[in-house]
1. Helix A:313-328 sits at what angle to the longest principal axis of chain A, using alpha carbons and giving 0 to 90 degrees rounded to 10?
2. Determine the alpha carbon to alpha carbon distance for each of A:Lys151/A:Lys247; A:Lys151/A:Lys317; A:Lys247/A:Lys310 and list only those over 31 Å.
3. Per-residue ellipticity at 222 nm for chain A, helices alone: DSSP H runs ≥ 4 residues times -39500 (n - 2.57), over residue total, nearest 500 deg cm²/dmol?
4. Just the Cα atoms of the stretch B:33-113, one point each, no solvent: what log10 I(q)/I(0) does Debye give at q = 0.15, 0.23, 0.26 Å⁻¹?
5. What residues from the stretch A:58-91 fall in the zone where the backbone N is under 19 Å from a label point 7 Å along the Cα-to-C-beta line of A:Val307?
6. Provide B:Thr92, A:Thr308 in ascending order of the number of other Cβ atoms located within 10 Å of each residue's Cβ, fewest first.
7. Loop-only check: which trypsin sites (Lys or Arg not before Pro) in the stretch A:211-319 are DSSP coil with at most 14 other Cβ within 10 angstrom?
8. Using 1/(1 + (r/R0)^6) with R0 = 35 angstrom and r between the beta carbons of B:Ser114 and B:Thr57, what's the FRET efficiency to the nearest 0.05?
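What follows is calculated from the coordinates using simple rules that are stated; it is not laboratory data. These numbers were taken from a predicted model, which means no experiment stands behind them. Methodologically, a virtual Cβ is constructed for each residue, glycine included, from the backbone with ideal geometry; neighbour enumeration extends over all protein chains shown.
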Amino acid sequence: MKTLISYFFVLMLFVMSLYGHGKLFAQCCTSGNPFISDAEQPALQSKVLTASLLYRYNDSHQYYYNDSRYNDLPFTQRSFSNYMEMQLAYGITGWMTVQTDLGYFINKTQKTSNQQTYRGNGLGDLGLQLKFNAWHNTKARFSVSPAIGVKFPVGVFDQEVDHVKLPIAVQPSSGSFKYNGSVFVYKGFGKKLSLAAYGSYEYSQRIESENFCYKYGDLWIAAIYFNYQAWKSFNINLQFRNESRYKASRGYYETVNASGYEVVFFTPQVTVSLPRNWYLSAYADIPVYKYYNDLQMSFGYALSFKVTRKIDFIALKARHSANQSNIAE
Amino acid sequence: MRDTLITVLFLSALIISFSCQKKDQSRPTGDITILSLIATLNPVKAWDTTLITVTATGSNLQYGWEADHGSIVGSGQVVKYAAGECCVGLNTITCRVFNDTGEVSDTIKIRVTSYFWP
């Protein structure tokens, strides 16, 4: 138990060390793929493929001024989205995994009282990531997986209805190339328990067009995970995650004051392992602390469901060889 | 060999993405002329609305609208413009007037002031 507590503190320190850069800020007009917050972040073993399909529902309706709810606006507004993401990851070697994900918004809707409803839909961003198995000790159940990645704004960013361009908040794509680096640290305890920490940084490239020059604030994410195998095929994961964004900028020198946030999420997750390496996950993102610069629409809750199929090609080959041997005998 | 190929592809993607920029494109004009593009209220406080009207000459005209920050409500020759606290500053609204023969566009700058300190 002492070891467990000391590892927990080490992971806490790791997470906190990512926040050594002072006060963080963020932006209001978040667009593009949402952060997929499940606990499946480590690099894969060699010749292992995972294919996942995720559905996520998000709902927000509360404006925040700093860390307080703001209810004095002369209207009510609600933003919600239905989002799907396909994710493929493959362990090229024992030390490198390539992962790609493609997001699709079934709808991204903003409803304001006494006003028309805005509704965007379509492809979001395409993510490409390389994960590295930098340190892996099977006996100690300890691994460190750094990763680098880029997001391509392949989706829709100039969607129009009746020749009127929709506001940026409901455009499916972020319209901006994003570059990210992350590290995932995992430590298992016994057969049923594990702790993990995740930290990432994302830099958004400035969007420049004839009438639009905008840069999303940089995004920092830090999370700690507590995983417990309750039954043989049933896992419970509890996660605390801090998402922080710097302020956005418009033009080259103008900072957007009503942008930037710091939100702490609590994310409970359950994962069920099914036969033939199928996995079902369900989790919720529940904001437990929110700080927004100036006055902004804040994050609400999100519900996600994920189905994953894992294929171990080395095991498959071994099974195939064994079958061939049996037939030959 | 395969590892090297993947790494090279990934780095190439990074380089290409740094070199790409979005560019607006517009077609040449036909017989359309924009006579005026005006707003009833300018500056406008965050979340208040202002009416923007375009007057143009030409036949079978259609109108397209785009705001760099904020929202356009409605469509056609007259639209409403509103922007939240996130869009405080000098914003550009672009109006595109077009028909089968071509299109022209014009912009109007609208200053959005803070909801708390208008």
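1. For helix A:313-328, the angle is close to 30 degrees.
2. A:Lys151/A:Lys317; A:Lys247/A:Lys310
3. Per the formula, -3000 deg cm²/dmol.
4. The computed values of log10 I(q)/I(0) come out as -0.48, -0.99, -1.20.
5. Residues A:82-89 qualify, since their backbone N sits under 19 Å from the label point.
6. B:Thr92, A:Thr308
7. A:Lys232
8. The calculated FRET efficiency here is 0.35.
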